[in-house]
Amino acid sequence: GGGFDLLTQKLPEKDVVYPKSMKGNWICERSAVKVEGDTYQAESAYRCLGSKENLRPGSTEKFETRFIESPYFGASGVVLDRGFEIASRTQNTDSVQWNVDNPNLLEYGKTKILVVRRSVEEPNDKGFGFDELLRVDDLMVTRAIQVKRRYRRAFDENGNRIVEGLEIMKTFRVLDGVAGTEFPTATVKSQIRMAVKS
């Protein structure tokens, strides 16, 4: 059927690889374009993943992120520093726990985010991206959140390097630890734009 047991992990790739040219710090702007389904579920998921903004079409969030080397990819690419990004988004650096050697687990405050399923589109001329299913626990409830992103490299009007992307976030009902992945309870489409931090 359309269920995924959140107590299992299906991770053929150790992490999501980004082009090595992205190493360093970037300013990320994320704009919600469309919110469908249960807006409460969508808002809760958005906040669990670090957003401080109220979720509605047109709402924009700006934060710093960075890409670093990973022992899993060597010189072939870099990975997102998930700990740095969540600290930047939540503006809470004290409680964030994340390690590049164990990239699928991130904890901050009372929230624990675990990647349980992943597929990756490695960087190529057309773009790159990933599809991750996350198990999110915050002491009260277990959530299943799917984050799917596709990026492409581009230049802005001044010739500066940028990365543009589209994100689709879906939430699912969880029953006895199984996520009903056939029918999302909410879907959020966002546009992402990253520019090198000057």
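Observations, loosely collected:
- Segment 1-82 shape via C-alpha gyration tensor axes, a/c threshold 1.5: oblate
- What the Kirkwood sum gives for the chain is a hydrodynamic radius of 17.2 Å, with every pair of different alpha carbons counted.
- Relative contact order, percent, segment 1-66 [alpha-carbon distance under 8 Å, six or more residues apart]: 41 percent
- Proximal aspartates and glutamates relative to K52, as straight alpha-carbon distance under 14 Å, when same-chain residues fewer than 8 apart are discounted: E29, E43, E61, E64, E85
FYI, it's all coordinate maths here, none of it is from the lab. Small disclaimer: the values here were computed from a predicted structure and weren't measured.
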